[in-house]
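Trainee: Sharing a structure, written as structure tokens. Questions coming.
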Amino acid sequence: MLNFPVEKLPNIEFKLKEPLSKYTFTKTGGPADTLAFPKTREELVEIVDTARVNQVPITVIGNASNLIIKDGGIRGVVIILPNFHKIEVSDTKVTAEAGATIINTTIEAQKAGLTGIEFAAGIPGSVGGAVFMNAGAYGGEIKDCFDTAEVLMPDGRITTLTHEDMDFSYRHSIVQEDDGIVISATFNLKRGNKDAIQEEMDRLNELRRSKQPLEYPSCGSVFKRPKGHFTGPLIIKAGLQGKMVGGAQVSMKHAGFIVNVKHATATDYMNLIHLIQKIVKEKFDVSLQTEVRIIGEDQKD
């Protein structure tokens, strides 16, 4: 256990040895040594500075919707930002704090008659997580409407990154490499018709409800789309739809999803992911790369 000195920050909310399964969309994951809930930027900076001085690793988990945390949990301090949820509209720009949901951000944009972010109306992640991984759906990606982000760097500086700085690509941003923490993001949108915007959001949400297994806990889309193929059909052709490992199952509704149907563990998820990758490679010579972020430590025997 890497001890974070919580006693030095008595005004900040911490939980010790907290099961992260309480916070992940898969309902799996081992404990965090220390879980921090900062309420302000100042508290967030204090946590980062204290961790750096004490050489304690930092992990930010966002809304934990496209994330698998291994059963051994996470050492050091884990930061979660539900208190960072403010969303503001100014002219044609929407600025949302990292802990705000991307869904609520699209709702505020629609209320203001702003178009360009409807594709994200059903993405369950946080704004910070969406920027971190350049989240996308139905032909749109965060990079398409992104303007700037405020990012807390490991040395304690808060800097503003532009679209060019972010080095966006498929499910990638520079934040994945520089260990920065997204504090807020601003999206540059266009004026549109409120009713038309709402209709498009409703259409995409209905499409999502009809095609995705929202009735079960899951981590969203597990694999990146391989060039020249669609993941779901590949998995079906491999004879793996409905396949179970422990309590984790390849969804019968959408084979690109793995759902928790019977008290699955993160290890069940990992074993099923590896099985899918192995069989798809053997049968079709296609290497499936995970889109879901996998972090933490394996459970010790």
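Trainee: Given labels modelled 7 Å from the Cα in the Cβ direction, how far is it in nm from LYS22 to ARG203?
Mentor: For the pair LYS22/ARG203, the computed spacing is 4.2 nm.
Trainee: Let me ask something additional. Give me the dipole magnitude in Debye, nearest 20, for the range 81-213 about the Cα centre, with unit charges on the beta carbon: positive for Lys and Arg, negative for Asp and Glu.
Mentor: So the magnitude is around 500 debye.
Trainee: Of the listed peptides 231-241, 129-139, what is their order by residue-averaged count of other C-beta atoms within 10 Å, with the highest listed first?
Mentor: Packing order, densest peptide first, comes out as 129-139, 231-241.
Trainee: Moving on. Go through 33-41, 209-217, 252-260 and give me the packing order, highest mean Cβ count within 10 Å leading.
Mentor: Descending mean neighbour count gives 252-260, 33-41, 209-217.
Trainee: Using Cα pairs under 8 angstrom and six or more residues apart, how large is the relative contact order of the chain, in percent?
Mentor: Taking the mean separation of contacting Cα pairs over the length of the chain, I get 18 percent.
Trainee: Next question. What percent do you get for the relative contact order of the range 103-248 when only Cα pairs under 8 Å and 6+ apart count?
Mentor: Worked out over the range 103-248, it gives 25 percent.
Trainee: Quick check: pseudo-label points 7 Å beyond the Cα along Cα→Cβ at ASN11 and ASN54, how many nm apart are they?
Mentor: 1.8
Trainee: What's the FRET efficiency of ASP147 with GLU42 using the Cβ-Cβ distance as r and R₀ = 25 Å, to the nearest 0.05? Spell out each step's value before the answer.
Mentor: Working: r = 25 Å, r/R0 = 0.99.
Step by step, r from the Cβ atoms, then E = 0.50.
Trainee: With a 10 Å radius around each residue's Cβ, average the other Cβ atoms per peptide and rank 103-113, 188-198, 58-68, 142-152, highest first.
Mentor: Numbers: 103-113: 19.3, 188-198: 14.7, 58-68: 23.5, 142-152: 21.2.
Most protected by this proxy first, the peptides run 58-68, 142-152, 103-113, 188-198.
Trainee: As a test question: what accessible area, to the nearest 10 Å², does GLU141 have when a 1.4 Å probe is rolled over all protein chains in place?
Mentor: About 40 Å², rounded to the nearest 10.
Trainee: Per DSSP helix of 4 or more residues, -39500 (n - 2.57); summed, then divided by the residues of the chain. What does that give at 222 nm, rounded to the nearest 500?
Mentor: When only DSSP H runs of four or more count, the value is -8000 deg cm²/dmol.
The values are calculated or read from the model by the stated rules, or taken from the named source; none is laboratory data. All of these numbers come straight from a predicted model, not from anything done at the bench. No Cβ is skipped: glycine too gets one built from the backbone with ideal geometry, and neighbour counts run over all protein chains shown. We work out accessible area using only protein heavy atoms, side chains counted, and drop any ligands, DNA or RNA first. Shrake-Rupley method; radii C 1.70, N 1.55, O 1.52, S 1.80 Å.
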